[in-house]
1. Hey, can you tell me all the residues within the range 71-86 that are touching a Phe, Trp or Tyr at 6+ places or on another chain (Cβ under 8 Å) and modelled with pLDDT of 90 or more?
2. Go through the range 17-60 and count every residue that is open to solvent by 100 Å² or more (accessible area, probe 1.4 Å) and either touching a Gly at 6+ places or on another chain (Cβ under 6 Å) or of a type in the set (Asp, Glu) (or both).
3. Output yes when any residue across the range 11-25 is aromatic (Phe, Trp, Tyr) and either at pLDDT below 90 or touching a Ser or Thr at 6+ places or on another chain (Cβ under 6 Å) (or both), and no when none is.
4. Considering every residue within the range 87-109, establish whether at least one is open to solvent by 30 Å² or more (accessible area, probe 1.4 Å), at pLDDT 95 or above and β-branched (Val, Ile, Thr).
5. Out of (1) within 30 Å of Glu19 (Cα to Cα); (2) in contact with a Leu (Cβ under 9 Å, 6 or more places away or on another chain), the odd one out for Thr91 is which?
6. I'd like to verify a number: residues in the range 112-143 that are buried (at least 20 other Cβ atoms within 10 Å of the Cβ) and either at pLDDT below 95 or within 11 Å of the chain's Cα centre (by Cα) (or both), how many?
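The values are calculated or read from the model by the stated rules, or taken from the named source; none is laboratory data. As the structure is a prediction and not an experimental result, all values here were calculated from the model. Counting neighbours? That spans all protein chains shown, and the Cβs are built from the backbone with ideal geometry, glycine included. Each accessible area value is taken on the protein alone, full model and side chains, heavy atoms only, with ligands, DNA and RNA left out. Shrake-Rupley method; radii C 1.70, N 1.55, O 1.52, S 1.80 Å.
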Amino acid sequence: MEPLGPRQTSEGRDESPEERADRRWIELLQEVRVIQTGVQILFGFLLTVVFTPRFVTLGTADKAIYVATVLLGAATTGALVGTVTFHRLVTGHRLKPETVVWASRLALVGVVLLLATVASALLLILRLATSHSAAVPWTVGGLIVWFLLCWFGLPAWVLRRYSTKD
């Protein structure tokens, strides 16, 4: 294999490390924008639930699930917003490649927290909608497996299947 040229990356692009970091940052920011919108809607909805008349009728377990869901939603928001504040705080210090790596990791933590938030919200909603049916944990478990497959399994399979072996 021939060595890479001074501007060519292993991806075959003709870009400098700084250009690559800029491109990767823009891609990450777009991804975070997409997911953040959904998180904001879910979290906003969760914050209003406590003010509904039905909330006071919830049992202890359902209130605990609700509190856990709100906390997970807050943690998810923190991780995803953290990607942007991370960039903002280190801008101008010539750390763009490192910023992209760490912000990407923080975004991935946000996705994992989102999985937990959605699972917890589904558990609460399905418990209330089906009068605590015994099938609820199995249904939520099946959906968690589906999310894991879509969000992590399929990308991992594609990466393994189609990545070049150097």
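1. Keep residues of the range 71-86 that are touching a Phe, Trp or Tyr at 6+ places or on another chain (Cβ under 8 Å), which gives 73-74, 76-77, 86.
Residues satisfying the conditions are Gly73, Ala74, Thr76, Thr77.
2. The number of residues fulfilling the criteria is 2.
3. Of the range 11-25, the ones aromatic (Phe, Trp, Tyr) are 25.
Pick out the ones that are also either at pLDDT below 90 or touching a Ser or Thr at 6+ places or on another chain (Cβ under 6 Å) (or both) and you get 25.
So far as the range 11-25 goes, yes, one or more of its residues are aromatic (Phe, Trp, Tyr) and either at pLDDT below 90 or touching a Ser or Thr at 6+ places or on another chain (Cβ under 6 Å) (or both).
4. yes
5. Condition not satisfied by Thr91: (2).
6. 4
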